[in-house]
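In what follows, a structure is listed as structure tokens, so that the remarks can point back to it.
The values are calculated or read from the model by the stated rules, or taken from the named source; none is laboratory data. What you see is a predicted model; the values in this text were computed from it and never measured. Methodologically, a virtual Cβ is constructed for each residue, glycine included, from the backbone with ideal geometry; neighbour enumeration extends over all protein chains shown.
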Amino acid sequence: MKIIRSLLSLIVGYLIFVVSMLILWMVFGYKPKDVPPDGFLVFSIFCECLFALGGGYVAAFISNRKELVHTGILAGVVAIMGVLSLFWPHNELSWWANLATAFPIAPCFPLGGLIRKKSKKDR
């Protein structure tokens, strides 16, 4: 049961991040393969940090144990994908927008887990 809960926490935490990001881009009229202006990218990175924070919080809530391990795994996956995206063919985003996935976005997952862990101790 613990492994199912752990896997579910990772999947749900990641989906919160990705689906929120896709909705944000669609609301502003961009598709995932579009290259939006730098101003929108900065705004998007800020919002994606909040989405990662929420995804980390929910992943920690669902796992209900080893919160920082679960959210650290999420951060690692997102950071690796951000760095690897620099080398994907047909990726036309600027290098700084790709690296923003590794930092500052990825560390927001464990931060969300830490918030959950602290709120759980306060009860």
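Annotation note: Cβ proximity below 6 Å between a residue of segment 29-44 that is free of Cβ contacts under 8 Å to residues at least 40 places away in the same chain and a residue that is surrounded by 11 or more Cβ atoms within 10 Å (Cβ to Cβ) and of a type in the set (S, T, Y) (sequence gap 6+ or interchain) occurs for P36/Y30. Quick check on segment 47-56. Is at least one of its residues closer than 16 Å to S6 by Cα and without any contact (Cβ under 8 Å) to a residue 60 or more places away in the chain? Looking through segment 47-56, at least one residue is closer than 16 Å to S6 by Cα and without any contact (Cβ under 8 Å) to a residue 60 or more places away in the chain. For segment 90-100, taking the residues that are touching a residue at least 40 places away in the same chain (Cβ under 8 Å) and assigned to a helix (DSSP H, G or I), the one that is farthest from G55 (Cα to Cα) is identified as A97.
The single condition from (1) within 17 Å of M21 (Cβ to Cβ); (2) in contact with an Asp or Glu (Cβ under 7 Å, 6 or more places away or on another chain) that R116 fails is (1).
With the requirement that a residue be free of Cβ contacts under 8 Å to residues at least 24 places away in the same chain and part of a helix (DSSP H, G or I), what does segment 62-89 give you? Residues satisfying the conditions are V69, I80, M81, V83, L84, S85, L86, F87. Among the residues making up segment 14-49, those that are β-branched (V, I, T), more than 17 Å from W95 (Cβ to Cβ) and under 15 Å from the mean Cα position of the chain (by Cα) are I16, V18, V19, I23. Note on segment 104-123: among residues that are at pLDDT below 90 and part of a helix (DSSP H, G or I), the one that is surrounded by the most Cβ atoms within 10 Å (Cβ to Cβ) is K120.
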